[in-house]
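No lab work stands behind these numbers, since they all come straight from the coordinates. As the structure is a computational prediction, the values presented were derived from the model and not from experiment.
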Amino acid sequence: MIGNDIIDLSLAKIESNWHRRGFLEKLFTENEQKLISAAPNPFVIVWKFWSMKEAAYKVYTQQDKQRFFAPKKFDCLLISENKGLVNFKNQIFYTSTIVTRSYIFTLASVEKEIKAYSKIVMPQFIDNMIKIKLQDLTSFSAEEIKQKKTKNMVPLYYYRDILLTKSCSISHHGKYGVFSLLYS
């Protein structure tokens, strides 16, 4: 299973005041707060950690089928510039993060190495782009590919009764959207 998240950095600068009292304490562990404070660009680390937590949360909720809000319980560790780990309830989620001047994108999985397909697009085109990608992979008509959500709002894609996606994660923030697929 996979989970993803994307942060529009220009929107994050406008909409969120991560400097306000209690913000870091509410969302980040003590260790994460120390790393944020020591970082040359704390703003980027705040949103990198948030993106890692969100992506891992999406994987976890696909397994557990229960939604909740507890970001501080997801503990992030940076392994390298773009690789990280998130620990939640003694489960490890492996993350890969891309940071650009415009956005931060994270993909998470319970497996160390995965071959997922991800594409960053304008949010309004996500569903159509997923169907076109699945059409390319399967030769089923994009018009006949349908999204069905699980009880926990996880999107899955089908051609008639044939499940085409092992796991699908969709995120959008500001002017950026992203979808990631593990396909059958």
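Points to keep in mind about this one:
- Put simply, the C-alpha atoms of the chain give a gyration tensor, and the ellipsoid matching it has half-axes of 30, 17, 14 Å, longest first.
- Ignoring aspartates and glutamates fewer than eight residues from residue 131 along the same chain, the ones with Cα atoms less than 13 angstrom from its Cα are 143, 144.
- Global size of the range 117-183: 11.3, 34 Å for Rg and Dmax (C-alpha atoms, Rg to one decimal, Dmax whole).
- Of every Cα-Cα pair in the range 2-109, the percent that sits beyond 21 Å: 29
- Cross-link check: pairs 112/166; 53/83; 146/166; 13/115 evaluated at a Cα-Cα cut-off of 22 Å; pairs beyond the cut-off: 13/115.
- Mean ellipticity per residue at 222 nm, deg cm²/dmol - from DSSP H runs of n ≥ 4 across the chain, formula -39500 (n - 2.57): -9500 deg cm²/dmol
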